[in-house]
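The block underneath contains the structure these notes are about, expressed in structure tokens.
The values are calculated or read from the model by the stated rules, or taken from the named source; none is laboratory data. From a predicted model like this one, the values you see are computed outputs, not experimental measurements. For neighbour counting, all protein chains shown are included, and Cβ atoms are generated from backbone atoms with ideal geometry for every residue, glycine included. To get the accessible areas, we keep the full protein, side chains included, count just its heavy atoms, and leave off ligands, DNA and RNA. Shrake-Rupley method; radii C 1.70, N 1.55, O 1.52, S 1.80 Å.
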Amino acid sequence: MTSIRDCTPDLLRTLFLFESLSDERLRYLCEHGTIAQVEPGWLYRQGEDATCFYVLLDGTLVMSRRVGDDEVEVNSTSFRGSYVGAWTAYLGDLVPQVYDSSVRVTEPATFFQMDSSVLRDVMQEWFPMAQHLLTGLFQGFTTRQRTIAQRERLLALGSLSAGLTHELNNPAAAAVRATATLQQRVSKMREKLAALAAGHLDEPALQTLIKFQDEAAQRVAAAPKLSAIESADREDELTDWLDDHGVSRAYEIAPPFVQAGIDVDWLDLVANAAPSDSLAGAIHWLFYTIDTELLMKEITDSTTRISTLIGAAKHYSQMDRSPHQTADLRELLDSTLVMLAGKIPAGVTVVKDYEDTLPPVPSYAAELNQVWTNIIDNALQAMGDKGTLTIRTRRDDEYATVQITDTGPGIPAENKDRIFEPFFTTKPIGHGTGLGLDIAWRIVVNKHRGYLKVTSEPGATTFTVRLPLEGPQIGETT
């Protein structure tokens, strides 16, 4: 970069930024700035200290931002008077004074340049009202964005809490109901056993029935799953058998017997072991035994489901773990799916295609769960009541990649480049703040030094998240 000619007030007055300044102020800028020739190459790189303010006189500049390992071009211009560099110097400590993008020139270009401290001083001294307005605008926008982002998180948390409460209520209610019924069944089983013992059964016959009781309990645990048609056919067979042998309430006894894997051949063995006048009592006793086992199995399944849900919620929130940790992305995705289970319609199929060799990734796990939540929630809303949600994980060299695909209508081309912008939303008023994907972007790109992009066409919208296996730098913020 070399100085090619003197700066004059007449030259600066041809630029729209300076056209209204007095001669005295234009001379001040010339005294504190230079006109420089820049050869093709980088003018500055993203993340470097912002030390200079540049105004284009002629030539072409290209602005880009780093996304993962890629430089993504965001603007290209030859417009005379375009300004780049340390243009936020007037905000002082309100923002990090580093270049927020990279700029290169593609042909010999001429710039008016001055030190960032000069820009800061002239803004404060020459335009105090504008300085206050711009500072207030920036602070207001930042505060509003932070407040709405917190509100977005609270709304998401409220929705997840409601879904989790609903999911917990079902197994909890089932366990309470089964426990109440179990008390009745145990009481009935004791009554039937007392009646049998006081009846016509000798000790060998009673011992044989007790063996049948043990076998019936074992059959409950190993019972095969039957289709609705198979179950109905077997219930009819057992009902006929029970009616033929004078057993009352056959319609009530048959379904649990079928559920426990009991068939006609097994009942024939029971009939051979019990005297005819005690058979009905023996069948009812076995019925209460089987029903008790089924109820205990239901209680076990319900309480296991509750424990699983609580475990998933705990894993989702990472409440007992440090913010930065080495996490299995597949476990994070699974815990998110459990938390969102109440939002997944019956007509939506979830397909998981996880790579077994994907290593754990150093990350801010709880914040990554926010990313999955926002993307999956948007996908479910896009598909409506029917579709397929596919979640894939794989390793790409030094990156862990997660792809979330839905079969919704797709993102219109005119919106695809804006979906990560803060406050941009295609949802009706009151149904979205436009910050979900902005939050996801800042967590993935800014905090994890990762990569987030979307590809979309009707029937296939895919969000791709790439995270470096070495993890983010601890202490980086969004």
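Residues being more than 18 Å from the chain's Cα centre (by Cα) and not hydroxyl-bearing (Ser, Thr, Tyr) are represented in the stretch 397-408 by at least one member. Taking the stretch 236-276 as the range and being open to solvent by 20 Å² or more (accessible area, probe 1.4 Å) and touching a residue at least 40 places away in the same chain (Cβ under 8 Å) as the test, the residues that pass are 269, 273, 275. The residue list 373, 326, 357 contains one member that is closer than 20 Å to residue 447 by Cα and open to solvent by 30 Å² or more (accessible area, probe 1.4 Å), which is 326. Of all residues in the stretch 1-16, those satisfying the criterion of being open to solvent by 70 Å² or more (accessible area, probe 1.4 Å) and either modelled with pLDDT of 90 or more or touching a Gly at 6+ places or on another chain (Cβ under 9 Å) (or both) are 10, 13, 14, 16. Checking 297, 314, 343, 352 one by one, the residue that is exposed (fewer than 14 other Cβ atoms within 10 Å of the Cβ) and at pLDDT below 85 is 314 and no other. State whether one or more residues within the stretch 263-284 are within 49 Å of the chain's Cα centre (by Cα) and under 23 Å from residue 185 (Cβ atoms). Yes, that holds for at least one residue.
Taken together, 377, 277, 334, 268 contain a single residue that is at pLDDT 85 or above, closer than 30 Å to residue 218 by Cβ and either part of a strand (DSSP E or B) or not hydrophobic (A, V, I, L, M, F, W, C) (or both), which is 268. Residues of the stretch 87-135 that are in contact with a Ser or Thr (Cβ under 8 Å, 6 or more places away or on another chain) and within 19 Å of residue 25 (Cβ to Cβ): 89, 90, 112, 113, 114, 115, 116.
No other residue among 379, 413 is among the small types (Gly, Ala, Ser) and open to solvent by 20 Å² or more (accessible area, probe 1.4 Å) apart from 413.
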